[in-house]
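In what follows, a structure is listed as structure tokens, so that the remarks can point back to it.
Values quoted throughout were computed directly from the atomic coordinates according to the rules given, and no laboratory measurement underlies them. Nothing here was measured: the structure is a model prediction, and the numbers come from that model. Cβ atoms come from the backbone with ideal geometry, glycine included; neighbour counts cover every protein chain shown.
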Amino acid sequence: MMTDTVTHQTPPVAPLSEATQARFAREVAKYPKDQAQSAVMACLSIVQQEQGWVSTEAEAAIAAYLGMPAMAVHEVTTFYNMYNQQPVGKFKLNVCTNLPCQLRNGQGALEHLCKSLNVEDGGTTADGLFTVAKCECLGACADAPVMLVNDRQMLSYMSNDKLDEMLALMRAEAGKAA
Amino acid sequence: MALDLSRFQTTGSATCFHDRHIGAQIYAGLNGSNWHLADYQARGGYQALRKILGVDGGEPMTQDQVIAEVKGSGLRGRGGAGFPTGLKWSFMPRAFPGQKYLVCNSDEGEPGTCKDRDILMYNPHIVIEGMAIAAYAMGISVGYNYIHGEIFEVYDRFEAALEEARAAGLLGDNILGSKHSFQLHAFHGFGAYICGEETALLESLEGKKGQPRFKPPFPASFGLYGKPTTINNTETFAAVPWIIRNGGQAYLECGKPNNGGTKIYSMVGDVERPGNYEIPMGTPFSKLLELAGGVKGGKKLKAVIPGGSSAPVLPAHIMMECTMDYDSIAKAGSMLGSGAVIVMDETRCMVKSLERLAYFYAHESCGQCTPCREGTGWLHRLVHRVEHGEGRADDLALLDNVAENIMGRTICALGDAAAMPVRGMLKHFRDEFVHHVDHKTCTVPSYV
């Protein structure tokens with residue numbers, strides 16, 4: 001008979017700052033008292049905005065905060081497309097290449113970015129500045145080529161010229177911070 | 001983010017604030033900056049809510065009267081299914097003693113569709129008012145607006161509008177001094193097409209993976225947190241204030257019988273002026289195409305997917321005979337769906353187009369039902385190899401077979417949504433697929 005040799009370790013819980021907890025509390029307040037789990041998607045996106053990705057430690061912290069199993073948090077992280085399950089570049093660039101966008105150069109915009117940054121679709125540049133990936137419908141098909149920057153900002157009508165201009169601005173911003 | 005990228009953001013002028021709507025109700029008078037409460041009230045906003053509550057001295061309307069107006073308007077669900085809204089509202093158990101919920105489906109991710117984004121961004125209060133009226137009609141005190149995660153700025157805008165409405169006593173306890181209380185909150189998704197399906201949306205709203213539920217029970221009896229719930233699309237709620245102000249009959253007369261009112265169409269793909277166009281139901285497609293500036297570059301129209309990517313494609317000669325309403329498009333063998341009109345010109349390869357759609361459905365299948373989980377991947381692999389010159393003689397029969405065996409065999413409509421484009425393409429453009437298999441090349445090789 002096989003014996004279970006896997007050790008189930010409880011992941012370490014990353015402490016949440018007071019500011020983060022205040023943002024969580026605002027989300028939890030929207031739902032009935034016994035349904036705090038409804039806030040899990042918002043809490044995960046808050047963590048991702050603050051830390052750049054969702055680590056196992058962050059999942060455990062959210063689970064503890066909301067009173068739900070860490071695995072139930074992990075199910076959500078892995079089901080939805082936009083949660084980063086590993087660190088990404090300072091600028092995460094998602095270009096829609098679905099059919100309506102493809103008809104208006106969405107695929108071309110993705111390829112232009114990949115070529116300009118010398119990365120494959122889904123890759124991160126060696127300097128850790130950019131992650132580029134295609135994505136599914138952003139719900140802005142009339143604005144194609146359309147893209148999302150760091151999950152929260154949508155850019156429209158992104159011709160190759162505008163993409164170049166955008167990359168230059170981002171590089172300058174990163175240079176300032178360095 | 002300190003970096004200012006606003007120069008790359010849409011102003012809405014091309015998609016929403018143009019003068020090419022006809023009889024606009026939802027988009028009327030918008031300019032991008034007049035989304036605030038005071039602006040909306042200056043356009044007649046919240047008068048419908050005041051009317052049903054009787055707060056300006058008139059008799060309040062009864063719940064039955066509100067539902068009867070909506071039934072009489074011929075308003076049908078604008079999210080895709082086209083189900084009569086008044087009838088859906090009448091299914092809610094009004095005497096139910098416990099909590100009931102109202103949910104707005106703003107998870108707009110059907111490829112081709114971008115109408116709800118412009119409603120929520122530029123006229124958010126019309127949705128809030130529509131929801132407050134619906135809540136009154138069904139005796140509901142709590143609601144959520146589930147907003148597509150990719151439009152985060154729209155989510156922020158809606159939150160700001162909610163704050164304005166609460167501060168003015170238009171949401172919350174005892175609205176405008178009446179007995180009607182309604183708490184409304186915003187929720188955001190984070191990238192899952194499936195959550196546009198109403199029961200997947202409810203699962204997601206409960207903080208879970210968005211995997212659809214078996215129906216029955218329907219949400220009207222077992223919805224959010226297991227409680228009676230009504231879910232309508234953003235544009236559906238946005239139509240309600242006009243109906244209450246002007247009467248259901250007047251709304252019906254804007255459109256055609258069984259297809260009341262105006263409808264917002266997202267014209268995308270190969271048109272000169274992609275954007276949203278609000279026009280009366282029953283307007284000829286040829287007129288809508290003209291509003292959008294015709295086919296891009298003066299090219300010839302080849303095909304149209306008339307209701308979002310899940311709708312079967314129609315060739316130009318059939319589409320040009322259609323009027324834009326549920327019944328006409330259904331009669332032509334497709335569906336009006338969400339009102340996203342994907343236009344394709346003569347240079348477009350149908351095999352390549354279908355390949356991208358098949359990839360999408362395989363990517364977004366939630367994995368719950370075998371025919372969809374396995375079938376959507378299979379469809380994509382088949383179309384992929386036909387497109388890439390590796391098609392086999394029996395591949396088209398196999399495509400027919402796989403699509404047929406997904407249809408109707410899954411918990412939710414995503415399986416059908418993946419199969420219908422395949423069936424539509426093979427029905428109307430089979431020759432192109434045969435050409436790819438026989439000659440390993442494309443009939444329109446210029447398509448990139």
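Things worth noting here:
- Considering only alpha-carbon pairs that sit under 8 angstrom and 6 or more positions apart, the relative contact order computed for segment B:317-400 is 19 percent.
- Summary value for segment B:243-352: 27 percent relative contact order, contacts being C-alpha pairs under 8 angstrom separated by 6+ residues.
- Cross-link table A:Lys33/B:Lys88; B:Lys51/B:Lys88; B:Lys215/B:Lys296; B:Lys300/B:Lys440, entries beyond 32 Å C-alpha to C-alpha: B:Lys215/B:Lys296
- With Rh defined as the Kirkwood radius, the inverse of the mean 1/r over Cα pairs, the Rg/Rh of segment A:73-178 is 0.97.
- Sites B:Val55 and B:Ala250, calculated FRET efficiency, Cβ-Cβ separation with R0 22 Å, nearest 0.05: 0.45
- Residues B:Asp394 and B:Asp19, FRET efficiency given R0 of 51 Å [Cβ-Cβ distance, rounded to 0.05]: 0.45
- Helix-derived mean residue ellipticity, 222 nm - over chain A, DSSP H n ≥ 4, -39500 (n - 2.57), to 500: -13500 deg cm²/dmol
- The distance separating the Cα centre of segment B:195-230 from that of segment B:390-413 comes to 28 Å.
- You can think of it this way: the chain between B:His439 and B:Lys179 has 86.5 nm of extra reach, that is 0.36 nm per residue less the Cα-Cα gap.
- Near B:Gly333, once Lys and Arg are set to +1 and Asp and Glu to -1 for all other residues with Cβ below 11 Å from its Cβ, the sum equals +3.
- More than 15 angstrom apart: percent of Cα pairs within segment A:44-99: 48
- For chain A, the relative contact order works out to 16 percent when only alpha carbon pairs closer than 8 Å and six or more residues apart are counted.
- Chain A: most fluctuating residue of A:Val40, A:Val73, A:Val13 per GNM, C-alpha cutoff 10 Å: A:Val13
- Extent along principal axes [Cα atoms of segment B:270-399; Å; largest to smallest]: 41, 32, 24
- Each principal axis of the Cα cloud of chain A was evaluated for its coordinate range; sorted largest first, these ranges are 55, 45, 38 Å.
- Counting DSSP beta bridges with both ends in segment A:30-178, the antiparallel % (nearest 5): 55
- Between segment B:125-143 and segment A:77-129, the alpha-carbon center distance in angstrom: 39
- DSSP assigns beta bridges within the protein assembly as shown; of those with both partners inside it, close to 45 percent run antiparallel.
- Among B:Arg392, B:Arg273, the ranking by other beta carbons within 10 Å of each residue's beta carbon, starting with the fewest, stands as B:Arg392, B:Arg273.
- Here the Debye sum runs over all C-alpha atoms of the protein assembly as shown as equal scatterers in vacuum, and log10 of I(q)/I(0) at q = 0.09, 0.10, 0.11 Å⁻¹ comes out as -0.72, -0.90, -1.10.
- Label sites at B:Ala168 and B:Ala330, each approximated as a point 7 angstrom past Cα along Cα to Cβ, lie 3.7 nm apart.
- Value of D in µm² per second that Stokes-Einstein yields for segment B:353-448, Kirkwood Rh from Cα pairs, at 10 °C (1.306 mPa s): 120
- Helices meeting the span-like rule in chain B (full DSSP H runs, Cα extent of at least 18 Å along the helix axis, mean Kyte-Doolittle score of -0.5 or higher): B:124-138, B:152-167, B:234-246, B:350-364, B:414-428.
- Helix-derived mean residue ellipticity, 222 nm - over chain B, DSSP H n ≥ 4, -39500 (n - 2.57), to 500: -12000 deg cm²/dmol
- Considering only chain B, percent of DSSP beta bridges that pair antiparallel, nearest 5: 45
- The share of alpha-carbon pairs in chain B lying farther apart than 35 Å comes to 30%.
- With kT/(6 pi eta Rh) evaluated at 20 °C and eta = 1.002 mPa s, and Rh the Kirkwood radius from Cα pairs, segment B:106-179 diffuses with a coefficient of 163 µm²/s according to Stokes-Einstein.
- Remark: segment B:1-140 projects, on average over all directions, an area of 11.7 nm² (convex hull of Cα atoms).
- Length released on extending from B:Ala95 to B:Ala38, taking residue separation times 0.36 nm less the Cα-Cα span: 17.0 nm
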